[in-house]
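Here the structure is laid out as structure tokens; the discussion comes afterwards.
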Amino acid sequence: MRTTRSSNHPFDVRDRGAAVLEFALIVPLMLIMLVGIVEFGRAYNVVISLQGAVREGARSLALGENASTVENAVRSSTAITIDAVTQTPCPVAGGTATVGANQQFSFGIPFLPLGSMTLEAKASMRCGL
């Protein structure tokens, strides 16, 4: 039996089957790309949060606060969990105080094991002692 195209239907059954197959092949790739964009946005958000936190810590250190107060300022100024905080106090008045922080970040992209990476931020401020 031979199928003929009617003027009412621009596609026959074989064309619709090909479209479904193409859709089934493309959708997983598009979903992985979408999740990847979200995950990289989440990593960027963590970096911005780290930068704000170390900026607060550098300000406290430049004003002459002790090490535990500076670490508390860094940890309390952000909602993320910070793994480590480093401090370099002012050597002399007019010198530079530096605070750094880092966090391990794991990407959650399905079927694409990217592992984890260390996100770091560092801030320096002039001492006003």
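The values are calculated or read from the model by the stated rules, or taken from the named source; none is laboratory data. Predicted, not measured: the structure shown is a model, and the values here were computed from it. Every residue, glycine as well, gets a Cβ built from its backbone with ideal geometry; the counts of neighbours run over all protein chains shown. The accessibility values were calculated without ligands, DNA or RNA, using every heavy atom of the protein model including side chains. Shrake-Rupley method; radii C 1.70, N 1.55, O 1.52, S 1.80 Å.
Relative to the Cα centre, what is the charge dipole magnitude of the chain, using +1 at the beta carbon of each Lys and Arg, -1 at the beta carbon of each Asp and Glu, and rounding to the nearest 20 debye?
The dipole of the chain has a size of about 360 debye.
Once you've got the GNM for the chain with C-alpha springs shorter than 10 Å, pick whichever of 23, 105, 40 has the biggest mean-square fluctuation.
With Cα springs under 10 Å in the chain, the top fluctuation among 23, 105, 40 is at 23.
Tilt of helix 67-76 relative to the longest C-alpha principal axis of the chain, in degrees (0 to 90, nearest 10)?
30
Give me the extension gain from residue 42 to residue 106: residue separation times 0.36 nm, minus the current Cα-Cα distance, reported in nm with one decimal.
Full extension from residue 42 to residue 106 adds 22.0 nm.
Rank by packing, highest mean first: peptides 25-31, 94-100, 106-112, 62-68, with packing defined as the count of other Cβ atoms within 10 Å averaged across residues.
For the peptides 25-31, 94-100, 106-112, 62-68, the packing ranking is 94-100, 62-68, 106-112, 25-31.
Hey, what number do you get for the chain at 222 nm if only DSSP H runs of n ≥ 4 count, each worth -39500 (n - 2.57), divided across all residues, to the nearest 500?
Working: 2 runs with 60 residues, N = 129.
Roughly -17000 deg cm²/dmol at 222 nm, from the helical runs in the chain.
Can you compute the FRET efficiency between residue 124 and residue 26 using 1/(1 + (r/R0)^6), with r the Cβ-Cβ distance and R0 = 41 Å? Round to the nearest 0.05.
0.30
By the gyration tensor of its Cα atoms, with a ≥ b ≥ c the square roots of the eigenvalues, what is the shape of segment 73-122: rounded for a/c under 1.5, prolate for a/b over b/c, or oblate?
Here segment 73-122 falls in the prolate category.
Could you tell me the convex hull volume per residue, in Å³, taken over the Cα atoms of the chain? Kindly include the intermediate steps, with their values, before the conclusion.
Details: hull volume 17.5 nm³, N = 129.
Normalising the Cα hull of the chain by residue number yields 136 Å³.
Compute the long axis of helix 13-62 from its Cα atoms, compare it with the longest principal axis of the Cα atoms of the chain, and write down the angle in degrees, 0 to 90, nearest 10.
Roughly 10 degrees, rounded to the nearest 10.
At residue 19 and residue 92, where each label point lies 7 Å from the Cα along Cα→Cβ, what is the point-to-point distance in nanometres?
Reported label-point gap for residue 19 and residue 92 is 7.7 nm.
With every protein chain present, what accessible area does residue 22 have (1.4 Å probe, heavy atoms only), rounded to the nearest 10 Å²?
120
Going by amide H atoms built from the backbone, whose H comes under 5 Å of the H on residue 127, apart from near neighbours?
Hits under the 5 Å cutoff: 94, 95, 96, 97.
Between exposed trypsin sites (Lys or Arg not before Pro) in the chain, where DSSP calls loop and at most 15 other Cβ atoms lie within 10 Å, what's the longest gap?
Answer - 6-129.
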